[in-house]
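Student: The structure follows.
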Amino acid sequence: NNPIGSTFDVSFVILNTLKPDLDRPAQSAKATYTVAGVIEEGSSPQMYVPLEDLTGLGITNFSQAKVLAAKQDELTAVRQQIDNLGYKTTSVADTVEQIDKLFATVRIVLASFGLVALTVASLGMFNTLTVSLMERTREVGVMKAMGMRSVEVKELFLAEAMIMGLLGGVFGVLAGWAMGKSLGLLLSTISITRGVGAIDVSYIPWQFVVFVLSLSFIVGVATGVYPARRARRISALNALRYE
């Protein structure tokens, strides 16, 4: 539980890849070390010893070296310099880049599903408004008979379409936010039980919210134009006779 300060004995197995003059792997004499600190890095058992202890054993080759960049923006330049020396480099940034590419692909797939859902929703709104107009034909006739102008009838149906589209966007954003938070809560529960801590996998930027609401508003207007124009052209007399 508290290894710092404790001592242990260890001997090194030296391979001929590290010391070319060896015909076969050799084992060094035991040396005593004191634990100076613990680094939380991965789960594989590793220890760091002074470089002089290894060179003192005659080791001239090394299988790998770990380079730490002082700043994040210097990582590319440092890797380029090491690559120019003929060495192969790997970095956590490669894993992050692969994860970003994976999520970019997922976003494209989800955007495709969203486009299909938007098309279906647009057709549904158009059908709903058209059926609503047919069911309210006598109502339109009564409104016109009472003095309501055709332009006002058109604006009424257009306003209903805009409100329907905007509310659909609002409920869609809220549903997406709730599902993201629920998923984050589920993953956080699992990660906390494993000692990792809480995580949050959902993020909705305000620009995206504005885009969704604007798109919903535009779709509502586009689907409501035809029913609104059709309501404008309805004759009051024919509407009152409509059954």
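Student: Within segment 143-159, work out how many residues are touching a helix residue (DSSP H, G or I) at 6+ places or on another chain (Cβ under 7 Å), open to solvent by less than 60 Å² (accessible area, probe 1.4 Å) and either of a type outside the set (Ser, Thr, Tyr) or farther than 13 Å from Ser235 by Cα (or both).
Tutor: Total satisfying the criteria: 6.
Student: Under 7 Å between Cβ atoms, which residue pairs at least 6 apart in sequence (or on different chains) link something in segment 52-80 that is at pLDDT 85 or above with a partner that is loosely packed, with under 12 Cβ neighbours inside 10 Å and hydroxyl-bearing (Ser, Thr, Tyr)?
Tutor: none
Student: Among the numbered conditions (1) farther than 22 Å from Leu115 by Cα; (2) touching a helix residue (DSSP H, G or I) at 6+ places or on another chain (Cβ under 8 Å); (3) assigned to a helix (DSSP H, G or I); (4) small (Gly, Ala, Ser), tell me where Gly197 comes up short.
Tutor: Of (1) farther than 22 Å from Leu115 by Cα; (2) touching a helix residue (DSSP H, G or I) at 6+ places or on another chain (Cβ under 8 Å); (3) assigned to a helix (DSSP H, G or I); (4) small (Gly, Ala, Ser), only one is false for Gly197: (3).
Student: So Ile39 passes all but one of these: (1) surrounded by fewer than 10 Cβ atoms within 10 Å (Cβ to Cβ); (2) part of a strand (DSSP E or B). Which condition number does it fail?
Tutor: (2)
Student: Another one. Can you name every residue in segment 200-216 that is open to solvent by 70 Å² or more (accessible area, probe 1.4 Å), part of a loop (DSSP other than H, G, I, E, B), under 21 Å from Phe113 (Cβ atoms) and not β-branched (Val, Ile, Thr)? Break it down stepwise before answering.
Tutor: At the first step, the residues of segment 200-216 found to be open to solvent by 70 Å² or more (accessible area, probe 1.4 Å) are 200-201, 203, 206-208, 210-211.
When the remaining residues are screened for being part of a loop (DSSP other than H, G, I, E, B), the result is 200-201, 203.
When the remaining residues are screened for being under 21 Å from Phe113 (Cβ atoms), the result is 201, 203.
Passing the criteria: only Tyr203.
This table checks each residue for (1) at pLDDT below 85; (2) touching a Lys or Arg at 6+ places or on another chain (Cβ under 9 Å); (3) of a type in the set (Asp, Glu).
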{"position": "Leu174", "(1), (2), (3)": "no, no, no"}
{"position": "Trp177", "(1), (2), (3)": "no, no, no"}
{"position": "Leu186", "(1), (2), (3)": "no, no, no"}
{"position": "Ile190", "(1), (2), (3)": "yes, no, no"}
{"position": "Gly195", "(1), (2), (3)": "yes, no, no"}
{"position": "Asp200", "(1), (2), (3)": "yes, yes, yes"}
{"position": "Ala239", "(1), (2), (3)": "yes, yes, no"}
{"position": "Tyr242", "(1), (2), (3)": "yes, yes, no"}
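Matching residues to (1) open to solvent by less than 80 Å² (accessible area, probe 1.4 Å); (2) in contact with a Pro (Cβ under 9 Å, 6 or more places away or on another chain); (3) in contact (Cβ under 8 Å) with a residue 12 or more places away in the chain:
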residue	(1), (2), (3)
Gly141	yes, no, yes
Ile163	no, no, yes
Ala178	yes, no, no
Ile192	no, no, no
Gly197	yes, no, no
Ile218	no, no, yes
Arg233	no, no, yes
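Student: For the subset of segment 95-133 comprising residues that are of a type in the set (A, V, I, L, M) and more than 26 Å from the chain's Cα centre (by Cα), which member is most open to solvent (accessible area, probe 1.4 Å)? Steps first, please.
Tutor: Keep residues of segment 95-133 that are of a type in the set (A, V, I, L, M), which gives 96, 99, 102, 104, 106, 108-111, 115-118, 120-121, 123, 125, 129, 131, 133.
Imposing the further condition that a residue be more than 26 Å from the chain's Cα centre (by Cα) reduces the set to 123, 125, 129, 131, 133.
Details: Leu123: 116, Met125: 26, Leu129: 7, Val131: 59, Leu133: 5 Å².
Step by step, filter segment 95-133, then rank; the result is Leu123.
Student: Mind counting the residues in segment 78-94 that are surrounded by 10 or more Cβ atoms within 10 Å (Cβ to Cβ) and either among the hydrophobic types (A, V, I, L, M, F, W, C) or in contact with a Pro (Cβ under 6 Å, 6 or more places away or on another chain) (or both)?
Tutor: Total satisfying the criteria: 3.
Student: Looking only at segment 55-76, count how many residues are surrounded by 10 or more Cβ atoms within 10 Å (Cβ to Cβ) and not in a loop (DSSP other than H, G, I, E, B). Reasoning before the result, please.
Tutor: Within segment 55-76, the first condition is being surrounded by 10 or more Cβ atoms within 10 Å (Cβ to Cβ), and the residues that meet it are 55-62, 67, 69, 74-76.
Next, from what is left, pick out any that are not in a loop (DSSP other than H, G, I, E, B): 55, 74-76.
Within segment 55-76, residues that are surrounded by 10 or more Cβ atoms within 10 Å (Cβ to Cβ) and not in a loop (DSSP other than H, G, I, E, B) number 4.
Student: Then there is this: Out of all the residues in segment 1-36, which are of a type in the set (A, V, I, L, M, F, W, C), surrounded by fewer than 10 Cβ atoms within 10 Å (Cβ to Cβ) and not in a loop (DSSP other than H, G, I, E, B)?
Tutor: Keep residues of segment 1-36 that are of a type in the set (A, V, I, L, M, F, W, C), which gives 4, 8, 10, 12-15, 18, 22, 26, 29, 31, 35-36.
Narrowing the set further to residues that are surrounded by fewer than 10 Cβ atoms within 10 Å (Cβ to Cβ) leaves 4, 13, 29, 36.
The answer is Val13, and nothing else.
Student: Tell me, yes or no, whether segment 43-53 has at least one residue that is surrounded by 10 or more Cβ atoms within 10 Å (Cβ to Cβ), closer than 23 Å to Ala65 by Cβ and more than 46 Å from the chain's Cα centre (by Cα).
Tutor: yes
The values are calculated or read from the model by the stated rules, or taken from the named source; none is laboratory data. Small disclaimer: the values here were computed from a predicted structure and weren't measured. When we count neighbours, we look across all protein chains shown, and the Cβ atoms used for this are built from the backbone with ideal geometry, even at glycine. Ligands, DNA and RNA are excluded from the accessible area calculation, which covers all protein heavy atoms including side chains. Shrake-Rupley method; radii C 1.70, N 1.55, O 1.52, S 1.80 Å.
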